[in-house]
């Protein structure tokens with residue numbers, strides 16, 4: 001497993017390495033920043049497909065930072081990365097398919113007696 | 001179970017067979033991840049299927065319902081159309097009837113992201129075998145996790161009791177709040193999905209807090225110190241980040257879109 005902490009000198013027995021937390025706080029500020037941008041869009045834009053698309057793109061961006069950095073997936077082997085990503089990408093297909101289906105059912109129900 | 005000769009220490013006499021190190025001889029780690037971490041990843045993948053099923057159901061049912069097409073300021077709650085989230089979730093603890101659209105949920109999101117940060121800090125401290133730091137960051141994570149749970153309890157309570165004005169129902173009576181069969185905000189399924197999705201997520205947070213408390217006790221007792229590694233913190237950490245990740249999606253699909 002690749003590690004963020006690269007200790008240059010060998011530690012004496014009982015000695016504790018210095019914390020290496022810069023990347024953690026950097027990721028935190030990126031996540032807070034993206035959430036803040038989402039709130040700007042909630043209040044400055046009228047609801048539309050474009051606004052929803054922006055939200056979904058920003059959400060996936062946040063997921064990338066949480067899974068990649070915090071869950072360390074970015075630094076795992078390629079095999080593990082694909083094991084997680086391929087099943088998840090199939091779920092996106094399911095989501096798109098059922099949302100389309102929902103719109104169609106709604107249209108049929110709302111126009112049934114017209 | 002009988003000890004296999006391949007498990008003897010390297011200092012054993014040279015007359016013994018050399019340890020077997022082939023692909024199928026055991027001791028190998030697929031994907032260079034330990035057994036525990038790999039299994040946690042697979043569990044989380046299966047858990048992601050469950051949450052994806054919930055959110056897909058939400059998307060399908062929401063698209064089945066009519067959309068309110070007028071100006072946002074003219075919006076009124078009705079079972080005819082799906083509610084606009086910032087009209088439903090606009091209360092803040094201690095501010096009475098003040099209109100704070102999505103204010104409280106923004107705070108909850110921040111608390112959960114912060115708890116994820118303190119969790120990585122605990123994992124990082126564990127990799128350095130720094131017991132005091134692990135304890136400190138675990139306590140912060142438990143604090144933020146519990147705060148999130150309490151916030152959710154408040155959010156549920158407010159959702160159940162409803163806004164003061166309520167909504168006039170078909171029979172002329174005014175209905176406040178929500179239950180599984182009726183609600184003032186919109187179609188029945190809106191409240192049902194709220195209870196099920198945020199409830200299922202909240203249950204995950206609660207399990208996470210329990211696991212973290214156990215980790216804190218084990219750290220304090222020196223269990224991981226004696227074991228020589230803090231991998232358990234990393235595994236629980238994976239679970240905790242997953243719970244944060246799910247909230248990011250719930251936040252987008254329930255509160256923003």
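Worth a mention:
- Cα shape, region B:1-153, gyration tensor, a/c 1.5 rule: oblate
- Extending 7 Å from the Cα toward the beta-carbon at both residue A:36 and residue A:105 defines two label points whose distance is 4.1 nm.
- Across region A:1-76, Cα-Cα pairs more than 21 Å apart make up 47 percent of the total.
- Computed over region B:85-137, the alpha-carbon pair-distance distribution with 10 angstrom bins reads 25, 29, 19, 19, 9, each value a whole percent.
- With Cα atoms, 0 to 90° folded angle of helix B:35-64 axis to chain B main axis: 10
- Cα-based helix-to-principal-axis angle, B:188-220 vs chain B, degrees rounded to 10: 30
- Summarising the label geometry, the points placed 7 Å from Cα in the beta-carbon direction at residue B:139 and residue B:157 lie 2.7 nm from one another.
- Sorted peptide list for B:143-153, B:65-75, criterion being average Cβ within 10 angstrom, highest first: B:143-153, B:65-75
- C-alpha center-to-center spacing [region B:153-175, region A:38-69] in angstrom: 30
- Distant alpha-carbon pairs in region B:147-223 (separation over 19 angstrom), percent: 50
- Helix B:131-161 axis versus longest C-alpha principal axis of chain B: approximately 20°, rounded to the nearest ten.
- A viscosity of 1.306 mPa s and a temperature of 10 °C, combined with the Kirkwood radius over Cα pairs in Stokes-Einstein, give a translational diffusion coefficient for region B:120-176 of 109 µm²/s.
- The alpha-carbon positions of chain B define a convex hull whose volume is 170 Å³ per residue.
- Base-10 log of normalised Debye intensity for the protein assembly as shown (one unit scatterer per alpha-carbon) at q = 0.10 Å⁻¹: -0.73
- For the residues of B:158-167, the average number of beta carbons from a partner chain within 10 Å of their own beta carbon is 0.
- Among the residues of A:24-32, the average count of other protein chain beta-carbon atoms within 10 Å of the residue beta-carbon is 4.
- Average beta-carbon neighbours from other chains, 10 Å sphere, peptide A:42-50: 2
- Plainly put, region B:97-250 has a radius of gyration that is 1.13 times its Kirkwood radius, both from alpha-carbon atoms, as the Rg/Rh ratio.
Read the figures in this text as sums done on the coordinates, not as results from a lab. Just so you know, these numbers come straight off a predicted model, no measurement behind them. Reconstructed Cβ throughout: ideal geometry from the backbone, glycine too, with neighbour counts over all protein chains shown.
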